[in-house]
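Engineer: Okay, handing you the structure first.
The values are calculated or read from the model by the stated rules, or taken from the named source; none is laboratory data. The model shown is predicted, which means the values in this text are computed figures rather than measured ones. For neighbour counting, all protein chains shown are included, and Cβ atoms are generated from backbone atoms with ideal geometry for every residue, glycine included. Remember, those area values only see protein heavy atoms, side chains included, never the ligands or the DNA or RNA. Shrake-Rupley method; radii C 1.70, N 1.55, O 1.52, S 1.80 Å.
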Amino acid sequence: MNFKKQNPINQQKRATFGLGLITAIVVIPVLLILGVVFVKGISVIDWNFLTTEPTNGLREGGVFPAIVGTLILVVGAVVWSVPFGVATAIYLVEYSPRSRAANLVRLAILNLAGVPSVVYGLFGLGVFVIALKFGASILAGTLTLALMGLPVIVTSTAEALKAVPDRFREASLALGASKWQTTRHVVLPNSIQGILTGIILEISRAGGETAPILFTVAAFYLPRLPQSIFDQVMALPMHLFAISTQVPNIGLDVRYAVALTLLFLVLGINAVAISIRAKIRKNRIW
Amino acid sequence: MKNIKLKKHKTETFKQPLSEKITEACLRFAAWLCIFFIACILYFLVKESGGVFFSDIFTITGKFWRPISEPPDFGVWVLLAGSLAVTLTASLIAVPLGICAAIFIGELLPQKFREFLKVIVEFLAAIPSVVIGFLGMIILAPYIKEAFDLKTGLTAFSAALMLAWMAMPTIVSLTEDALRSVPDTLRDGALALGATKWQMITRVLLPTAKPGILAAAMLGVGRVIGETMAVLMISGNSARIPSSIMEPVRTLTATIAAEMGETVKGDEHYQALFGLGVVLFIITLLINTAADRFINKKYTEES
Amino acid sequence: MVKEIIIKSLSVSYGNKQAIRNLSLSVEKNEILGIIGPTTSGKTTLLTVLNRMIDTIPSVAISGNVSMGDIDVLTTPNIHSLRRSVGMIFALPVALPMTIRENVEYGPKMAGEAKGELETRVKESLVQAGLWDEVHDRLDTPALKLSGGQQQRLCIARALALKPKVLLLDEPCSGLDPISTSRIEDTLSQLKNDMTIILVTNNPHQAARVAHRTAFMLKGELIELADTDTLFTNPADNRTKEYIEGKFG
């Protein structure tokens, strides 16, 4: 055979170039999206826009109730999901790492994570809104979001717990400490930042969800703040959906401004989580 | 000779302080709740669909979805076809690009840039789907309409393009994880034999990480099937079986989101939408369980 | 001599791998018993049986009988109090990621001892472990900032804070330099007045320096147990002789 064999070094160079190009194709649109939304939306955003209520059938005014509503929803979702999520992760990692029951729990969590958001919405509607008679309300919406966030909390907490080296657990047990004492005094203090990072990421995710709140809590137009957990609220993602698809003759810049507000909120929270995590990695002493 | 087998739980829970037992019971209860939740979701979806699966109007192979005609027609196939068209197209884009990007970011890029790109990928994951849908509607759709000379830019292809990017973070980060879990000894072994880094990647890394990468691809696909808001806004919402991906379609998820508001509890339409929920639940359950198999396979092969 | 620990025909296996085979020996009160042998001879396993740390390893099967005073080690319901009275030092120093003071206080605190006593207990233990002079002015700084040798002595102090009857050391100097090693050996010689010490080491010279009696283990079996002098100068078993002379190991 006579054809020349490719020089492996050239081959490597070509491959690196090709893969780099593909990575650029993946990454650049993200930067473009952020850039375009920023440039087109920033002109509308001022103090007034953030602190007043929408008027004229959502065409004018601000997004204050939607911001408040979104904050209420994410706080509620975290309050419901964190205790269960963290407890589940502790059970899986510290108490029962390889039993059959633990595997079943793990599979359940994997599948909870895979259930489409709109199916959570259906479930929330069927169970919380209708069967339990909460109506479309903050209670129903936050419970739905919490259920959806549960797998995220469990997975991230479990990761944080697993990052604590086993030798610390052994040292603690060897000193006669019980399992819970070991978890409480050695494992948790050294994984708390990682757990917090997971919770913050979940906050940012819940803040951007639309489908689960569509039938369970979100109001199309409700220019006042909620009085109790049985009230509906407006929410930023729902608001963007509404003005993009349901309201005719609305200025494009207003829509960009709502999108930008939502992105600011979600990515801002995300950035906080990422910086905490970077700090943990840098300061980790073991 | 007496033979006692020390089992962790037998010995450790025996005569433990009460507080210790209560704590463990609480933790176990929380964990088992997760199993209860997933069972609960399936139970309620099935219950609320109220036996619509056994009626004549709701058919998996039906080609028409006409909820308000008399009598109504709930043909799932037309929506399933829409979901499949969007999902397959998006996967064809996202899986190869995502895997390539993961190899580049995880293996070829210097550490400094790696962190930066990972943050961008995370930001991509964090962008709410309604924002993606909004941008798809007002930027991508007009462009697609122009470029391909179509009646409308809201097509299966437009939706698939946006969804491909939404699936990318899942595929990229899970593929990276899979590559990273390949032991360093294997890498060093290959490099020490004089292989270039690229040869090491194609001959050692990729074959070893294959189950993990497959799982990454499947979970990415699972994400696409379940995606709702972006598809609802970009795919054109036309319940007809498409003859090409350049036509508007309607997916399972979009149908639920768009029509649930018009129904009354217990009527046929309400039940039919919960029926779609069951179909979606089962599809994603199958995908996730299969992906889990691959991940477990990876672990057993390692040990 | 009073016997502190009596082990009768102990066998341990992990899955289908036998780690200890039918081992019997007794440890006398206030002696330092050295255990030498190559890796995988079952030395570490023996230690983990004595304070039941072996429970943390899944699928272990144990048979035989181990008694410590009137406690039946293998069946005692209260493993937490067993572990408090049988301290264990690992091969690599494991200072917990907290301050020096908190490290020493950790055991007594978890045992529910009164807070008032802790202050003096911390000082006593650090003095006993020979670390007090070096750290008394920085008790509230992170323990992980100490050097490896200091961390290992901190681990000893931490175990001493529980006033154990027995101290198990698993190759405590394997990662340390000669100076740190000799400081720890000094500490051990001091401690033997108050407790019984079992020192596992894969460095026969260390056993020769500090142990009263030395046992040689090979592939899970006890080959020979004798006064340290006898074992090193006139071993009864040929395998012991070869190991000491460095022919394998």
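Engineer: Please tell me the relative contact order of chain C in percent, rounded to the nearest whole number, where contacts are Cα pairs under 8 Å and at least six residues apart.
Structural biologist: 27 percent
Engineer: When the helices in chain A are scored as -39500 (n - 2.57) per DSSP H run of 4 or longer and the sum is shared across all residues, what 222 nm value do you end up with, to the nearest 500 deg cm²/dmol?
Structural biologist: Helices in chain A give a 222 nm mean residue ellipticity of -22000 deg cm²/dmol.
Engineer: Once every DSSP H run of n ≥ 4 in chain B is given -39500 (n - 2.57) and the sum is divided by its residues, what mean residue ellipticity at 222 nm do you get, rounded to the nearest 500 deg cm²/dmol?
Structural biologist: Helices in chain B give a 222 nm mean residue ellipticity of -22000 deg cm²/dmol.
Engineer: Of the heavy-atom accessible surface of the stretch A:59-283 (probe 1.4 angstrom), what whole percent is carbon and sulfur?
Structural biologist: 64 percent
Engineer: Choose one of B:Ile256, B:Gly189, B:Pro110: the residue whose Cα lies farthest towards the positive end of the charge dipole of chain B (beta-carbon charges +1 Lys, Arg; -1 Asp, Glu; about the Cα centre).
Structural biologist: B:Gly189
Engineer: Measuring from centroid to centroid over Cα atoms, what is the spacing of the stretch B:60-117 and the stretch C:117-185 in Å?
Structural biologist: Taking the Cα centre of the stretch C:117-185 as reference, the centre of the stretch B:60-117 is 59 Å away.
Engineer: How much length is gained if the chain between C:Glu221 and C:Leu92 is pulled fully straight, taking 0.36 nm per residue apart and subtracting their Cα-Cα distance, in nm to one decimal?
Structural biologist: Full extension from C:Glu221 to C:Leu92 adds 43.9 nm.
Engineer: So if I place +1 on the C-beta of Lys and Arg and -1 on the C-beta of Asp and Glu, and nothing else carries charge, what would the dipole magnitude of the stretch A:59-283 be about its Cα centre? I want it in debye, nearest 20.
Structural biologist: 620 debye
Engineer: Pick out, in residue order, every one of the chymotrypsin sites (Phe, Trp or Tyr not before Pro) in the stretch C:213-248 that is DSSP loop and has at most 14 other C-beta atoms within 10 Å; say none if there are none.
Structural biologist: Those that pass, being in a loop and sparsely packed, are C:Phe248.
Engineer: Also, quick follow-up: In whole Å, what three semi-axes, largest first, describe the equivalent ellipsoid of the stretch A:59-283 built from its Cα gyration tensor (square root of 5 times each eigenvalue)?
Structural biologist: Rounded to whole Å, the semi-axes are 38, 20, 13.
Engineer: Continuing with this model, one more query. For the interface of chains B and C, what total accessible area is buried with a 1.4 Å probe, rounded to the nearest 100 Å²?
Structural biologist: It comes to approximately 1300 Å² buried between B and C.
Engineer: What is the calculated FRET efficiency for A:Val79 to A:Ala163, with r their C-beta to C-beta distance and R₀ = 25 Å, to the nearest 0.05?
Structural biologist: Working from the Cβ atoms, E equals 0.50.
Engineer: Further question: List the accessible area buried at the contact between B and A, summed over both sides and calculated with a 1.4 Å probe, in Å² to the nearest 100.
Structural biologist: Approximately 6700 Å² gets buried when B meets A.
Engineer: Could you list the GluC sites (Glu not before Pro) in the stretch C:91-193 that lie in coil according to DSSP, counting only those with at most 15 other Cβ atoms within 10 Å of their Cβ?
Structural biologist: Within the stretch C:91-193, the qualifying GluC sites (Glu not before Pro) (loop, at most 15 other Cβ atoms within 10 Å) are C:Glu113.
Engineer: Another question, then. Would you kindly derive the ³J(HN,Hα) couplings of the stretch A:98-113 from the backbone phi angles with the Karplus curve 6.51 cos²θ - 1.76 cosθ + 1.60 (θ = phi - 60°), listing them in order in whole Hz, with x for Gly and Pro?
Structural biologist: Taking θ as phi minus 60°, the curve returns 9, 7, 5, 4, 5, 5, 5, 4, 4, 5, 4, 5, 4, 6, 4, 5 Hz for the stretch A:98-113.
Engineer: Please report the relative contact order for chain B, taking Cα pairs under 8 Å with a sequence separation of at least 6, and give it as a percent rounded to a whole number.
Structural biologist: 24 percent
Engineer: With a 1.4 Å probe, what is the total accessible area buried between chains A and C, in Å² rounded to the nearest 100?
Structural biologist: 1700 Å²
Engineer: So, one more: How much of the DSSP bridge set in the protein assembly as shown is antiparallel, in percent, rounded to the nearest 5?
Structural biologist: 60 percent
Engineer: Another one. Which value at 222 nm does chain C reach when only helices count, each DSSP H run of 4 or more adding -39,500 (n - 2.57), with the total divided by all residues and rounded to the nearest 500 deg cm²/dmol?
Structural biologist: It comes out at -10500 deg cm²/dmol, rounded to the nearest 500.
Engineer: Another question, then. Summing +1 for each Lys or Arg and -1 for each Asp or Glu, what net charge is found among the other residues whose Cβ lies under 10 Å from the Cβ of C:Gly220?
Structural biologist: Net charge around C:Gly220: +3.
Engineer: Choose one answer from B:Ile103, B:Ile241, B:Ile68: the residue with the largest mean-square fluctuation in a GNM of chain B with alpha-carbon springs under 10 Å.
Structural biologist: Result for chain B, Cα springs under 10 Å: B:Ile68 fluctuates most.
Engineer: Counting pairs of alpha carbon atoms under 8 Å apart in space and at least six apart in sequence, what relative contact order in percent does chain A give?
Structural biologist: With pairs under 8 Å counted, the relative contact order is 27 percent.
Engineer: Same structure, new question: How many Å² of accessible area per residue for chain C, probe 1.4 Å?
Structural biologist: That works out to 41 Å² per residue.
Engineer: What are the trypsin sites (Lys or Arg not before Pro) within the stretch C:189-249 that DSSP puts in a loop, where the Cβ has at most 14 other Cβ atoms within 10 Å?
Structural biologist: C:Lys247
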